[in-house]
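Step one of this worksheet: look at the structure below.
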Amino acid sequence: MVDHYFSASPTSAENLRRIRVPLVGRTVELTTAAGVFSPERLDVGTSVLLANTPEPPAGGDFLDLGCGWGPIALSMAMMSPHARVWAVDVNERALDLVRRNAASLGLDNVNAVLPEDVPEHVTFRTIRSNPPIRVGKSILHELMETWIPRLAERSDAHLVVKRDLGSDSLQRWLATTFDDGFSVYRTATGKGYRVLKVRRHGSPPTEPLALPQT
């Protein structure tokens, strides 16, 4: 059996390793392992996302969907110490790594949990994700349909997707699927990746954002 980073319980040896990673303007040492996404380094897509998203709100509930060993969740927790960051993944090994890394950074505002362990009443002030494209289109769409509606009013999701792995088609699908009360934009491009922003409007609706063409 071959392990994938979206395997629930990887069977391969952990092979724990320490890597140095730039997060929130500093270099930190974190633990990764085999059987999770990009265990050798901070992957390019996540780097593009972190470089092209605004600081998260000062507080509230945040979501890192498909957290891996945790760079997005850890960054949000470092920037917003009064927020509660939900680091969600199906991979139990990845969740264990997030817990280790949050502890090593002294962060007590990160909850690394399985999707079903996020209480149904929780809504998110921001969602940030390098989503697991390789799970296939139907599962990816199901993930978006599950979590995007849990954005709080006047809140944003930021997704990074590689162009040759379907970023443009995902943008079109998001715009079609979330056409009532949401807006979908491409906010940045870099190194073959697109950063997509999904805004949930409020009541009354927020004004559309005027963005430069990219």
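The values are calculated or read from the model by the stated rules, or taken from the named source; none is laboratory data. Keep in mind the model is a prediction, meaning the values are calculated, not measured. No Cβ is skipped: glycine too gets one built from the backbone with ideal geometry, and neighbour counts run over all protein chains shown. SASA here: full protein model, heavy atoms, side chains in, ligands and nucleic acids out. Shrake-Rupley method; radii C 1.70, N 1.55, O 1.52, S 1.80 Å.
Summary of computed values
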quantity	calculated
Residue in segment 140-160 that is over 27 Å from Pro39 (Cβ atoms), open to solvent by 40 Å² or more (accessible area, probe 1.4 Å) and among the small types (Gly, Ala, Ser) present	no
Count of residues meeting criterion [more than 15 Å from Phe62 (Cα to Cα), of a type in the set (A, V, I, L, M) and surrounded by fewer than 24 Cβ atoms within 10 Å (Cβ to Cβ)] in segment 72-101	2
The lone exception for Glu153 - which of (1) over 15 Å from the mean Cα position of the chain (by Cα); (2) part of a helix (DSSP H, G or I); (3) in contact (Cβ under 8 Å) with a residue 12 or more places away in the chain it fails	(2)
Selection count where residues are in a strand (DSSP E or B) and either aromatic (Phe, Trp, Tyr) or free of Cβ contacts under 8 Å to residues at least 12 places away in the same chain (or both), scope segment 106-124	1
Test for Val36: is it β-branched (Val, Ile, Thr), in contact with a Gly (Cβ under 6 Å, 6 or more places away or on another chain) and touching a residue at least 40 places away in the same chain (Cβ under 8 Å)	yes
Residue match in segment 166-174 (condition: part of a helix (DSSP H, G or I), in contact (Cβ under 8 Å) with a residue 12 or more places away in the chain and among the small types (Gly, Ala, Ser))	yes
Residue that is among the β-branched types (Val, Ile, Thr) and part of a helix (DSSP H, G or I), where the choices are Ile127, Ile148	Ile148
Strands (runs of 3 or more DSSP E) wholly inside segment 3-102 containing at least 3 residues that are at pLDDT 95 or above, touching a strand residue (DSSP E or B) at 6+ places or on another chain (Cβ under 9 Å) and of a type in the set (A, V, I, L, M)	17-23, 82-88
